[in-house]
Amino acid sequence: MLESVKIARRQSEIRQELATLAAKAEPSEDETRSMEKLDGEYRTNETRYRAALVAEDVERRDAKGELETRGDRQWSDLVQRFELRQVALALDEGRKLDGATAEVVEELRSSGGYRGYPIPLESLVLERRAGETIASGVPNPIATMPIIDRLFADSAALRMGAQMISIPQGEVEFPVATSGATVAWQQTETGNVGGPSAYATTDRPLKPDNTLGVQMKLTRKSLKQSGASLEQAVRRDMAGAMQAAIDKAIFLGAGASGEPSGVIAKASTYGITETSIGAEPSWAIFRKAVVRFMLSNAVSAPTQVRAMFRPEVWDDLDAMRAGDGYPIWEMDRVVAAMGAGNITLSSNALAAPAGDPLVTSALLTTTAGGVAPIFVGLWGAIDLIRDPYSDAQSGGLRVTALATVDVTISRSAQLEVLTNIKRHVLAGG
């Protein structure tokens, strides 16, 4: 309780006592001394009350500044201390959550309903796994060194300009203008200017129709045998696997069997231009694509375009000279014109070369007018649900985790897919 509030309450009590004593026509000596004592305490408290208000006003201003600067960084720091092990023990044994884990779960529940324990998307993401975690497959704490994590591809979506959108519930759509005003000169003194034209838009919706899930099975012994190190390793493993799965779906999603529609696999559905190259990779094919972006008013310079291709294409470009007698390679020309930061190599977001001869694809994107070329919708947090029956006989724990994701684009003119790029170096070369 604030000190000023305590003093104010005491002042109220003193006034009540003084009012009672003052109502007596002939107070006794003890009552007179009591009135003098209460009167002195009241005057002293007035000074203390003013001092307390001044001190508390400074504290309020300091606290206000702290609250106003508390944002995503503080939430991120809190999420980094989230422990999945506490959730597993709560589901398995009914143990009460505490610390940062309890704060994160309470905050997520206050913003949305969950059947189980919500897991923050920033803290972990999950992949679809086969089999179950058993005691023989996890480290034993007896002189065990740190776990070496698996390798996962970095996110290509963010490097290609995709915008991640957090959606609490429902659907989100982006109306994109497809036609609008046209202008024309007045041909004669009394003639009319250009006639009216329709302004039309196309909706780019994000719908919660695509859910990526995983089911994990943990034996009782594995939970007892390993401590927090196992929880941290599992969380890192799941995070990398989920990132790779979502990243692949953003570009190669089939738009069926539960997958969202990837911007490369479903380019024709989005209205994205697909250009068949039919030749080996070179700076020329990317230069012509950049020119097409310029002609559609999407960019004004090559450095505004991002390109993504497979490592095999980089291998070909870096092995080909610009021409006879030129001491420069094709890859050097691409980097010089577009910038190294706009080049993304990915074996996860693009399909492997196939066919005879081997051919592959590439993707070019740009951000125009501050609008991202790709939108990725993420619905809430990871929902963690426990199945207490399936493995009850062995004392095991089965947990299902769900994440809902969808993909769409903004303007089709901000993307282009280059197909049928032939390999210069054959497989094994």
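Counting only residues that are at pLDDT below 90, among the hydrophobic types (A, V, I, L, M, F, W, C) and not in a helix (DSSP H, G or I), region 302-324 holds 2 of them. The residue list G428, G355 contains one member that is at pLDDT 85 or above and out of contact with any Pro (no Cβ under 8 Å at 6 or more places or on another chain), which is G355. Screening region 374-429 for residues that are of a type in the set (D, E) and closer than 20 Å to A241 by Cβ and picking the one that is surrounded by the most Cβ atoms within 10 Å (Cβ to Cβ) gives D406.
Regarding region 396-417, can at least one residue be identified that is more than 25 Å from the chain's Cα centre (by Cα) and in a loop (DSSP other than H, G, I, E, B)? Looking for residues that are more than 25 Å from the chain's Cα centre (by Cα) and in a loop (DSSP other than H, G, I, E, B), one finds at least one in region 396-417, hence yes.
Take the residues in region 357-382 that are part of a strand (DSSP E or B) and in contact with a Gly (Cβ under 6 Å, 6 or more places away or on another chain), then tell me which one is farthest from S261 (Cα to Cα).
Within region 357-382, the first condition is being part of a strand (DSSP E or B), and the residues that meet it are 359-366, 368, 371, 374-382.
Pick out the ones that are also in contact with a Gly (Cβ under 6 Å, 6 or more places away or on another chain) and you get 365, 380.
Values: T365: 17, G380: 20 Å.
Result: G380.
Report whether or not S257 is small (G, A, S), closer than 30 Å to K207 by Cβ and in a helix (DSSP H, G or I). Talk me through it step by step, then tell me what you get.
Numbers: small (G, A, S): yes; closer than 30 Å to K207 by Cβ: yes; in a helix (DSSP H, G or I): no.
Judged against the criteria, S257 is not a match.
Residues in region 276-295: is at least one of a type in the set (S, T, Y), touching a strand residue (DSSP E or B) at 6+ places or on another chain (Cβ under 7 Å) and over 17 Å from G161 (Cβ atoms)? Yes.
The residue that is surrounded by the most Cβ atoms within 10 Å (Cβ to Cβ), among those in region 102-131 that are assigned to a loop (DSSP other than H, G, I, E, B) and modelled with pLDDT of 75 or more, is P120. Quick check on my filter: what residues within region 341-363 are buried (at least 16 other Cβ atoms within 10 Å of the Cβ) and farther than 10 Å from F251 by Cβ? N342, I343, T344, L345, P353, L358, V359, T360, A362 - these are the residues of region 341-363 that are buried (at least 16 other Cβ atoms within 10 Å of the Cβ) and farther than 10 Å from F251 by Cβ.
Pick from region 258-269 the residues that are over 14 Å from L363 (Cα atoms) and at pLDDT 90 or above: which of them is surrounded by the fewest Cβ atoms within 10 Å (Cβ to Cβ)? Ranking the qualifying residues of region 258-269, first place goes to T269.
Taking (1) surrounded by 21 or more Cβ atoms within 10 Å (Cβ to Cβ); (2) within 30 Å of W379 (Cα to Cα); (3) touching a residue at least 40 places away in the same chain (Cβ under 8 Å) in turn, P281 satisfies each apart from (2).
The residues in region 173-205 that are in contact with an Asp or Glu (Cβ under 9 Å, 6 or more places away or on another chain) and either without any contact (Cβ under 8 Å) to a residue 40 or more places away in the chain or in a loop (DSSP other than H, G, I, E, B) (or both) can be counted, and the count is 3.
The values are calculated or read from the model by the stated rules, or taken from the named source; none is laboratory data. What you see is a predicted model; the values in this text were computed from it and never measured. Here the Cβ is made from the backbone with ideal geometry for all residues, glycine too, and neighbour counts use every protein chain on show.
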